[in-house]
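J.: Below you'll find the structure I mean.
Nothing in this text is a laboratory measurement; each read-out follows from the coordinates by a stated rule. Since we're looking at a predicted model, the values are computed, not measured. Neighbour counts are summed over all protein chains in view; Cβ atoms, including those assigned to glycine, are modelled from backbone coordinates with ideal geometry.
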Amino acid sequence: MMKIRLMFFGLFFLLFAAMIQAEPLPLSLDDLAKIFSTYFPKIEGMLSHLDGKTGTINLGEKNGLVKGMVLTIFRPGEPFYNPVTKEEMGKFEKNIGFIELTAVADDKSQGTLLIHNGQDARPEDRVRISAGRIPVSVSGAPEKDNLVLMDTFSRFLLETDRFLIPSFSKTTNEVSHSTENEPIFEFKVKSFPNQTIQIELLNRPFNHPIEQLTGAAGKLQE
């Protein structure tokens with residue numbers, strides 16, 4: 001009987017251990033910041049087809065794109081040169097607007113065009129997610145604890161080297177009064193009574209919540 005009890009206890013322990021292993025571990029705010037940065041790969045492609053307000057681009061899932069992403073549409077212009085060495089340094093660019101992805105296949109995507117006033121998009125215009133830091137903001141309830149979370153998450157975003165927060169410096173907490181690099185995406189921080197934290201990325205140009213980019217973190221460590 002004792003042997004049977006020991007076997008039963010052993011099986012129960014293994015089952016309990018398996019259940020513990022299956023329980024997902026809460027992510028840290030640092031983890032979430034790094035995960036969010038992977039949704040903004042540094043890529044560039046081309047607008048290959050137009051049909052009214054719908055555009056097709058030559059980038060897809062294999063390039064790291066997901067439904068709901070927004071890419072800038074631009075048109076390269078004349079080159080400009082170093083005044084001393086006369087070497088070509090780049091090309092002037094004309095910003096046309098944005099394309100918000102509505103369907104993503106392996107090697108191409110479709111989306112809705114949002115064109116700046118007076119501009120027109122054409123096949124072979126370029127599209128990209130900037131290789132530079134992406135301007136974002138961090139918002140949330142003004143309670144003291146939530147403000148601490150917002151500040152901590154902001155610093156983790158900066159440490160990924162993928163995001164720029166105009167109101168913060170990477171080395172100080174001084175407010176920047178620059179009007180350049182206006183945020184085009186917003187992270188919303190929300191804490192719950194059970195001490196979990198939710199971070200949601202909002203698409204600022206179109207006020208469109210991107211459901212795939214909602215994550216939860218465990219209690220902030222003291």
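J.: How large, in Å, is region 97-151 by the Kirkwood hydrodynamic radius built from its alpha-carbon pairs?
T.: Working: mean 1/r = 0.0669 Å⁻¹.
Its Kirkwood hydrodynamic radius stands at 14.9 Å.
J.: What does the convex hull of the alpha-carbon atoms of region 40-96 project to on average, in nm²? Write out the running numbers ahead of the final one.
T.: Values: hull surface 21.7 nm².
Taking the Cα atoms of region 40-96, their convex hull projects to 5.4 nm² on average.
J.: Pop a pseudo-label 7 angstrom from the Cα along the beta-carbon direction at both F80 and V66 and give the gap in nm to one decimal.
T.: Result: 3.6 nm between the two label points.
J.: Still on this model: Tell me which residues come under 5 Å, amide H to amide H, from G97 once H is placed; ignore anything under 5 positions away on its chain.
T.: When sequence neighbours closer than 5 places are left aside, the close amide H contacts are I73, H116.
J.: Quick one: Karplus J couplings for region 132-144, per residue in order, coefficients 6.51, -1.76, 1.60, θ = phi - 60°, nearest Hz, x for Gly and Pro?
T.: x, 5, 8, x, 9, 10, 10, 10, x, 4, x, 4, 4
J.: I'd like the GluC sites (Glu not before Pro) in region 71-125 restricted to DSSP loop residues with at most 12 other Cβ atoms within 10 Å, sorted by number. Could the numbers behind the result be given before it?
T.: On the way: sites: E87, E88, E93, E100, E124; in loops: E87, E124.
Sparse-neighbourhood loop GluC sites (Glu not before Pro): E87, E124.
J.: Follow-up. Given H placed 1.01 Å from N in the peptide plane, which residues other than close sequence neighbours of V138 have an amide H under 5 Å from its amide H?
T.: Excluding prolines and chain starts, which carry no amide H, the hits are F187.
J.: Please list the non-local residues whose amide H lies under 5 Å from the amide H of K67, H modeled 1.01 Å from N, same-chain partners needing a gap of 5 or more.
T.: Under 5 Å from the amide H of K67 lies no amide H from a residue far enough along the sequence or on another chain.
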